[in-house]
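The values are calculated or read from the model by the stated rules, or taken from the named source; none is laboratory data. What you see is a predicted model, and the numbers here were worked out from it, not measured in a lab. Heads up, the Cβs are rebuilt from the backbone with ideal geometry, glycines too, and the neighbour counts pull from every protein chain shown. Quick note on the areas: whole protein, heavy atoms, side chains included, nothing else; ligands and nucleic acids left out. Shrake-Rupley method; radii C 1.70, N 1.55, O 1.52, S 1.80 Å.
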Amino acid sequence: MSDYDEPKGLLPWLPAQPVGFRSLCTKADALAAARGQDLRFLANHALEYNALHRLARSITSALADGAEAPLTRLRLGLIS
């Protein structure tokens, strides 16, 4: 198992990935404009790498379909 598969040490304050995460993403994808709330719920969990990738695809699809609320675009820059 790689470091990408185990998020427990990275964000310990987040709840664990919900059971059936993939099916929850698929369910959210099938919704119309109201899927932003479901995607936001899923994003508030400690997700492993593959789940993050799946969620990113769902969010990209939702934004392309015009389902932005309550999703907000954010550009973040880090300066060290």
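Within region 62-80, the only residue that satisfies the criterion of being loosely packed, with under 12 Cβ neighbours inside 10 Å and not in a loop (DSSP other than H, G, I, E, B) is Ala64. Checked against the criterion of being out of contact with any His (no Cβ under 9 Å at 6 or more places or on another chain) and free of Cβ contacts under 8 Å to residues at least 60 places away in the same chain, the candidates Ala56, Ala51 yield just one match: Ala56.
Reported count of residues in region 35-74, each being at pLDDT below 85 and among the charged types (D, E, K, R), is 4.
If I ask for residues that are of a type in the set (Gly, Ala, Ser), open to solvent by 40 Å² or more (accessible area, probe 1.4 Å), part of a helix (DSSP H, G or I) and more than 18 Å from Arg73 (Cα to Cα), which ones from region 13-61 would you list? Ser23, Ala30 - these are the residues of region 13-61 that are of a type in the set (Gly, Ala, Ser), open to solvent by 40 Å² or more (accessible area, probe 1.4 Å), part of a helix (DSSP H, G or I) and more than 18 Å from Arg73 (Cα to Cα).
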